[in-house]
Ligand code: FPP
């Protein structure tokens, strides 16, 4: 996540594949808090610390793009006070981190639709995205009010409108055309998808993009995730042989 470093040995997977893009489903904040008899918000607060640690660790490893699942389109089902806590933590994170992100040449990108959040939070996100838009060292992608099925539905709708307008032939719709319509169009292909807390599912996250990604599940709860945990995931990736359907 800093200026593009030469690939470290840990970044070189089977077939010499370099790890460019890591996505993380940050799960287990609630269980972390419960185990300590703390309110859920304490778990989310510790989760935000884990975000800071992980971004520093990814930066050291020279990873070009990190995508974090911070708030899913299904998370609106949570109690209002928890949503307010998560929104507050997001604002705190932006206040505390945007200067550093910008100085490190990191571009902030949002996938999903953050305009569903309260106006002050949405405006802070817009300002951070605009401020860092020209940065090229690396990209931090935060999924906010994101759901993969919603992303695909939006993409299909846009393509259908082009077909209806006569500017796109149905035969011209290829996987590449669909990919170019997704929120992730300008990002490197997803290499590694990590989920913490022992749950083994994708929960509507990057379903299209994960087609050939390596999946890594760890029992570690998100608030406990750290440099060593990221290194373990990267080591695991380095031992995989990526075949993309070939032999
Ligand atoms: C899942 O844990 C985590 C979330 C729904 C939110 C993730 C948010 C953060 C890590 C904090 C703020 C983020 C940023 C980018 C600053 P859970 O509550 O579902 O855990 P549980 O399954 O143990 O209940």
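Before moving on, here are some points about what is shown:
- Cβ separations smaller than 7 Å between residues 6+ apart or across chains give the following pairs from the stretch 64-76 residues that are over 11 Å from residue 142 (Cα atoms) to residues that are more than 7 Å from the ligand (Cβ to nearest atom) and in a loop (DSSP other than H, G, I, E, B): 64/4; 64/20; 64/188; 73/147; 74/147; 74/204.
- So residue 177, is it within 25 Å of residue 19 (Cα to Cα) and either surrounded by fewer than 12 Cβ atoms within 10 Å (Cβ to Cβ) or more than 17 Å from the chain's Cα centre (by Cα) (or both): yes
- Residues in the stretch 183-205 that are surrounded by fewer than 16 Cβ atoms within 10 Å (Cβ to Cβ), over 19 Å from residue 19 (Cβ atoms) and away from the ligand (no atom under 16 Å from the Cβ): 185 only.
- Identity of the residue in the stretch 41-84, out of contact with any strand residue (DSSP E or B) (no Cβ under 7 Å at 6 or more places or on another chain) and under 15 Å from residue 197 (Cα atoms), that ends up surrounded by the most Cβ atoms within 10 Å (Cβ to Cβ): 47
- Subset of the stretch 47-106 [in a loop (DSSP other than H, G, I, E, B) and near the ligand (Cβ under 8 Å from one of its atoms)]: 78
- Residue within the stretch 116-133 that is away from the ligand (no atom under 13 Å from the Cβ) and either surrounded by 19 or more Cβ atoms within 10 Å (Cβ to Cβ) or assigned to a strand (DSSP E or B) (or both) present: yes
- Applying a threshold of 6 Å to beta carbon distances and a minimum spacing of six or more residues, or different chains, the list of pairs starting in the stretch 149-170 at a residue that is outside any helix (DSSP H, G or I) and ending at one that is modelled with pLDDT of 95 or more and surrounded by 11 or more Cβ atoms within 10 Å (Cβ to Cβ) reads 168/162.
- Considering only residues in the stretch 188-204 that are part of a loop (DSSP other than H, G, I, E, B) and touching a helix residue (DSSP H, G or I) at 6+ places or on another chain (Cβ under 6 Å), the one that is farthest from residue 64 (Cα to Cα) turns out to be 204.
- Per-region count, the stretch 15-40, residues in contact with a helix residue (DSSP H, G or I) (Cβ under 8 Å, 6 or more places away or on another chain), buried (at least 20 other Cβ atoms within 10 Å of the Cβ) and in a strand (DSSP E or B): 3
- Residue match in the stretch 1-12 (condition: within 15 Å of the ligand (Cβ to nearest atom), over 19 Å from residue 91 (Cβ atoms), surrounded by 15 or more Cβ atoms within 10 Å (Cβ to Cβ) and modelled with pLDDT under 95): yes
- Of the candidates 222, 208, the single residue that is at pLDDT 95 or above, surrounded by fewer than 20 Cβ atoms within 10 Å (Cβ to Cβ) and touching a helix residue (DSSP H, G or I) at 6+ places or on another chain (Cβ under 8 Å) is 208.
- Taking first residues from the stretch 85-108 that are in contact (Cβ under 8 Å) with a residue 40 or more places away in the chain and more than 23 Å from residue 75 (Cα to Cα) and partners that are assigned to a helix (DSSP H, G or I) and more than 10 Å from the ligand (Cβ to nearest atom), the Cβ contacts under 8 Å between residues at least 6 apart in sequence or on separate chains come to 104/59; 106/132.
- Among (1) over 13 Å from residue 24 (Cα atoms); (2) away from the ligand (no atom under 16 Å from the Cβ); (3) surrounded by 16 or more Cβ atoms within 10 Å (Cβ to Cβ), the one test that residue 228 misses: (3)
The values are calculated or read from the model by the stated rules, or taken from the named source; none is laboratory data. Keep in mind that what you see is a predicted model, and the values were worked out from it rather than measured. We place every Cβ from the backbone using ideal geometry, glycine too, and count neighbours over all the protein chains shown.
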